[in-house]
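A short worksheet on the structure shown next.
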Amino acid sequence: MYRLLIVDDEEIEREGMANFIPWQDYGVELVGTAWNGVEGFEMIQEKKPDIVVTDIKMPVMDGIQLIRKTKALFPDIIFAVLSGYGEYEFTSQAMEEGVRHYILKPCDEERIIQVLEQVKKEIGELRRRKEQEREYRSAMHRLLPRAKEQMFRNLLLDREPLEQDYQMFLRELRNRKPKVRVLAFRSAEGFDYLEQFILDNILRELIGEERVLLSTAVDDVILFLLEGLMVEPLGTIVEHTCREFVKFKVQELAVAVSREGELGELHDFYIQIQELLRIGEIEGMKGLLHYGLFDGSRSNAAALADISGIGRVKEYGELLFELQLLFLKMQTRNYTEAQMEEVCRWICTILCGEKLEIYQTEGTGGTGYSLKDRMTELIAEYRGIAEDGILRAVYDHMQNPELSIQFLAREILFMNEDYFGRQFYRNYQRKFTAYLLEKRVELARRLLEYDPELRITRAAELVGYSPDGQYFSKAFRKMTGMTPTEYRDQIKRSRSL
């Protein structure tokens, strides 16, 4: 049943419509009549009709004013306008207010009912949409915790979350960009759903509901996304949390917290958590694990090496590139052999769960190179990556300005250079010279990003070009569209903002 109100200052028209049309036969309940807009608006607030049939030209408050005031409070009420000949200006204004239904005076029952059926159809569609929205909101309310948990897990594991889930979460944060950390609890026995629920509640009570943005479980680790917490007070909170948790289940928990950063860094935070938990297990460390616990050489490892990047490599060439970059960075810092060994041992402990054993290989060019070779072997074996002797030879001699296809084929690999060239193209889908240019320039680019104060001549020398830098500059511009100096200046400008 649809509720109807009639507003018209002409009594004959108003009472005629009210009394002589069998509204009930058309599924309509007439809730009242009014003779002007003021009275009509009062009745609208009292009766809350679904449909208002109103004249436009009325004393005190005309139909346009009535429509505007009503739409402001009751946007779902549908208006049908009574309009006479020559009232185009008023009907045009009604159209601007969203009115789509008109009854031309003098009106008869047939025309009124025809328009009424159109209005009823519109209301029915509106009601269906609102019901669907209500059902959707209800479903979303039930599924929201699960959707948010899945989104958090996807971001941690570097999987693309559903866009609507991510935008919904941002809206909940009112589109803020908070500084966040990831806090993780790991149990050797794992957690069941009840234990996860208990841990979540303890932490929220201690930290505050508003600071625990999300939580999820991955394998034997429960992870929380926290906002606005420094490491020092978090250590006390974690200690209290573990003490409360053992009242429900006696088990030892390993706990780690990432560095602070942006939402877009969640996968890097997850890698950090894994690194810290692995280190804590190997070295028997207790309490809250964080990077501030480690000495300079260890904490510098993360700055020197893209540890998460190395941990994700799937091809031998990618691994060689990342380790070449690591050793070049250490060269720019003039690391001693002992310092290089400490950094490499630390990285291997993080990535492979075992310490790097150093041994000297004859003819490798010094401890640095034997160290890099051993590190490459260990990580490749741990990651299940097949070795590639050709690429290894390329990177072993990357810093040699005389490196060429002739040198590599004849002097290092003892192959016919034409055969070597064909094999190289078949294996890597580009000519040797193009590959060498690309990797040298990419190494130089990453070095300048690491240290924008690095001299261009030094960068050229480190990646195998003549120290005068002329050919290096041309090669760099060919690959990047700018000179090394322009690229370095761009980095400096971006970091000064």
### Query
Where the accessible area of the chain is counted over protein heavy atoms with a 1.4 Å probe, how much of it, in %, is carbon and sulfur?
49
### Query
Using modelled backbone amide H atoms (1.01 Å from N, in-plane), which distant-in-sequence or interchain residues come within less than 5 Å of A34's amide H?
I6, V7, D8
### Task
Give me the distance between the Cα centres of segment 1-26 and segment 183-257, rounded to whole Å.
66
### Query
How many percent of the alpha carbon pairs in the chain exceed a separation of 37 Å?
56
### Query
Whats the longest run of the chain with zero chymotrypsin sites (Phe, Trp or Tyr not before Pro) that are DSSP loop and have at most 15 other Cβ atoms within 10 Å?
86-247
### Query
Which whole-Hz ³J(HN,Hα) couplings does segment 192-203 yield from phi under the Karplus relation 6.51 cos²θ - 1.76 cosθ + 1.60, θ = phi - 60°, glycine and proline marked x?
8, 4, 5, 5, 5, 4, 5, 4, 4, 5, 4, 5
### Task
Report the full-extension gain for the segment Q24 to S92: residue separation times 0.36 nm, less the Cα-Cα distance, to one decimal in nm.
21.3 nm
### Summary
Of every Cα-Cα pair in segment 368-415, the percentage lying beyond 11 Å is 71
### Query
Angle, helix 11-20 long axis vs. longest principal axis of the chain, Cα atoms, 0 to 90°, nearest 10?
80
### Message
Report the Cα-based extents of segment 3-131 along its three principal axes, largest first, to the nearest Å.
### Response
38, 32, 27
### Query
With charges set only on the Cβ (+1 for Lys and Arg, -1 for Asp and Glu), what does the dipole of segment 436-484 come to about its Cα centre, in debye to the nearest 20?
180
### Task
Report, in deg cm²/dmol and to the nearest 500, the calculated mean residue ellipticity at 222 nm for the chain, where each DSSP H run with n ≥ 4 adds -39500 (n - 2.57) and the sum is divided by the residue count.
-18500 deg cm²/dmol
### Message
Given the options T483, V231, G292, identify the residue whose Cα lies farthest towards the positive end of the charge dipole of the chain (+1 on Cβ of Lys, Arg; -1 on Cβ of Asp, Glu).
### Response
T483
#### Entry: Surface accessible to a 1.4 Å probe, per residue, for the residues of segment 384-497, Å²
56
### Task
List the residues whose amide H sits under 5 Å from the amide H of H397, counting only those 5 or more places along or on another chain, with H placed 1.01 Å from N in the peptide plane.
none
## Note on the structure
Subtracting the Cα-Cα distance of F74 and K177 from 0.36 nm times their residue separation yields 33.5 nm
### Query
Dipole of the chain, Cα-centred, from +1 at each Lys and Arg C-beta and -1 at each Asp and Glu C-beta, to the nearest 20 debye?
1580
### Message
Taking 30 Å as R0, compute the FRET efficiency from the Cβ-Cβ separation of F407 and D489 and round it to 0.05.
### Response
0.30
### Task
Over 20 Å between C-alpha atoms is what I'm after, so list which of K329/K478; K372/K431; K329/K492 land there.
K329/K478; K372/K431
### Summary
For V218, the residues 5 or more places away or on another chain with a placed amide H closer than 5 Å to its own amide H are L223
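The values are calculated or read from the model by the stated rules, or taken from the named source; none is laboratory data. The structure presented is a predicted model; accordingly, all values stated were derived computationally and were not measured. Cβ coordinates were reconstructed from backbone atoms using ideal geometry, including for glycine residues, and neighbour counts include every protein chain displayed. Heavy atoms of the whole protein, side chains included, go into the accessibility calculation; ligands, DNA and RNA do not. Shrake-Rupley method; radii C 1.70, N 1.55, O 1.52, S 1.80 Å.
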